[in-house]
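Have a look at the structure below, then the notes.
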Amino acid sequence: MTGIVVIGTQWGDEGKGKATDQLGDRVDYVVRYSGGNNAGHTVVVGDETYALHLLPSGILSPRATPVIGNGVVVDLDVLFSEIDALTARGVAADRLLVSANAHVIAPYHQVLDKVTERFLGHRRIGTTGRGVGPAYADKVNRVGIRVQDLLDPKILSQKVEAALEQKNQLLVKVYNRPAIDAEEVCQRLLAQAERVRPLVTDVARVLNQALDAGQVVLFEGAQAHHLDVDFGTYPYVTSSNPVAAGACIGAGVGPTRIDRVIGIAKAYTTRVGEGPFPGELLDQVGEGLRQAGGEYGTTTGRPRRCGWFDALVVEQAVKVNAVTDLFLTKLDVLTGYDRVPVVVAYDIDGLRHDTMPMTQTEFHHAQPVYEQLEGWSEDISGCRRFDQLPPACQRYVRRLEELTGARISGIGVGPGREQVIMLHDLLA
Ligand code: GDP
Ligand code: IMO
Ligand code: MG
């Protein structure tokens, strides 16, 4: 038992940070493998609340070495300010490793993220505006800047110039914005080079050596299956591969290294930004879930769109990611309803679908078909064993297992580190 991936099974914000933190004391490395500081992972430890965007949540566990893999796009300003903020709170971040191959989010990526969103108008994605999409676009377009480029000023300046040549034409002629000065960008990046230098590592080699030695490596997903650029609700997705397979590409380990895939699922559904969401509740019920669950984005503060649990959404993620265990979070938020509806099918143009449809057009037309499950009124936030949950609540959990096709091994009953019910050992 060595390689474990934690992924989101919905549209993000399922509580991946908290689930990762649960395992932190038992793992040797915690690795971010995709995304950038578009993520927002909140971890509550005692009276302290930590909101991590770029650093893996495992940084809060002294035993685990935190790692940023090659699949991540790194905003160095954000990286350093997160390190400084944690250091000021007594959390050591000096053991962090950063892949030499990770791409850098440069200032022009943020500018482009914002202007393209504005340009798209009503077709906008609702991005986090952190420059993540443009940085990945440059990577694929082979004009990206990698962390290792910062260690070679001559190469850096050539690459920044090449990257800006076309972008400045776009900025000036299409978007009517001022051109960006390559020299200024280089100076800004070079100013960060000395600080990042000691952290830069051949991460793939380190992780493979650790796995060879039987150490435990946890790959902490950001975003989620349905935000994946290949499997999500394209184009309303992020620009990376948050799916479990993304851990192999984004950290440099082979697929046979992955022993477990832990899917995080919220006991209801939320989504931030634009894009289809068949079970979205635009009424007072949705507002009630938002208030009860504190559903406001950790990164942008935007209110999250809310709906009941959509079993088709999670079932799809379970299949494609070969999820071995589900960790069901925020079950406590569902206390107090007479009935708890669950989306068990879609009606698409008069036809019933028991799994997610193949095309995006169909998904846009999907109307939720609900099964009404019995609710419970007891406060469950103090429960630590499954048999302490009210019978209706237990039945809710068991029904979700049937509908999604995966066993539920952990349940979150509150934001605190200790507010969990474990049904199966996630590392056994
Ligand atoms: P992530 O992006 O997947 O790491 O999730 P976020 O941190 O963005 O959002 C999850 C939120 O729910 C955070 O504020 C957590 O503190 C909180 N949370 C996690 N698990 C539970 C739970 O079981 N119950 C409650 N009430 N809150 C939880
Ligand atoms: P965590 O890791 C929820 C969404 C954005 C937008 C789309 C594209 O906290 O679960 P981007 O800035 O990535 O180009 O935006 O993806 N998005 C998230 N939604 N949780 C996240 O991360 C997200 N990261 C990106 O809202 O709809
Ligand atoms: Mg989040």
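The residue of segment 11-40 that is nearest to Lys330 (Cα to Cα), among those that are within 11 Å of ligand 3 (Cβ to nearest atom), out of contact with any Lys or Arg (no Cβ under 6 Å at 6 or more places or on another chain) and not basic (Lys, Arg), is Gly15. Selection of segment 290-316 for residues being open to solvent by less than 40 Å² (accessible area, probe 1.4 Å) and away from ligand 3 (no atom under 16 Å from the Cβ) yields Gly307, Trp308, Phe309, Asp310, Ala311, Leu312, Val313, Val314, Glu315. Out of all the residues in segment 390-425, which are assigned to a loop (DSSP other than H, G, I, E, B) and surrounded by 21 or more Cβ atoms within 10 Å (Cβ to Cβ)? If the condition is that a residue be assigned to a loop (DSSP other than H, G, I, E, B) and surrounded by 21 or more Cβ atoms within 10 Å (Cβ to Cβ), then Ala406, Val413 are the ones that fit. Taken as a whole, the structure places Ala224 among residues that are open to solvent by less than 50 Å² (accessible area, probe 1.4 Å) and either in contact with a strand residue (DSSP E or B) (Cβ under 6 Å, 6 or more places away or on another chain) or farther than 17 Å from Met356 by Cβ (or both). Candidates in segment 83-99 are the residues that are closer than 22 Å to Leu207 by Cβ and not basic (Lys, Arg); of these, the one that is surrounded by the fewest Cβ atoms within 10 Å (Cβ to Cβ) is Asp94.
Okay, residues lined up against (1) under 22 Å from Ala322 (Cα atoms); (2) surrounded by fewer than 21 Cβ atoms within 10 Å (Cβ to Cβ):
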{"site": "Lys18", "(1), (2)": "yes, no"}
{"site": "Gly24", "(1), (2)": "no, no"}
{"site": "Asn37", "(1), (2)": "no, no"}
{"site": "Ala51", "(1), (2)": "no, yes"}
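Could you list all residues from segment 133-147 that are open to solvent by less than 40 Å² (accessible area, probe 1.4 Å) and out of contact with any Ser or Thr (no Cβ under 6 Å at 6 or more places or on another chain)? Across segment 133-147, the qualifying residues are Pro134, Ala135, Asp138, Gly144, Ile145, Val147. Cβ-Cβ contacts under 7 Å between residues 6 or more apart (or on different chains), taken from a first residue in segment 98-119 that is in a helix (DSSP H, G or I) to a second residue that is open to solvent by 30 Å² or more (accessible area, probe 1.4 Å) and hydroxyl-bearing (Ser, Thr, Tyr), are listed as Asp113/Thr127; Val115/Tyr175; Glu117/Thr127; Phe119/Tyr175. The residues on offer are Val67, Val30, Val72, and the sole one that is over 27 Å from Ala428 (Cβ atoms), crowded, with 24+ Cβ neighbours inside 10 Å and at pLDDT 95 or above is Val72. Which condition number in (1) within 11 Å of ligand 1 (Cβ to nearest atom); (2) free of Cβ contacts under 8 Å to residues at least 60 places away in the same chain; (3) at negative phi is the one that Gly294 fails? So Gly294 meets the others, but not (3).
The values are calculated or read from the model by the stated rules, or taken from the named source; none is laboratory data. All figures in this text were calculated on a predicted structure; none of them were measured in a lab. With ideal geometry, Cβ positions are generated from the backbone for all residues, glycine too; neighbour counts draw on all protein chains shown. We work out accessible area using only protein heavy atoms, side chains counted, and drop any ligands, DNA or RNA first. Shrake-Rupley method; radii C 1.70, N 1.55, O 1.52, S 1.80 Å.
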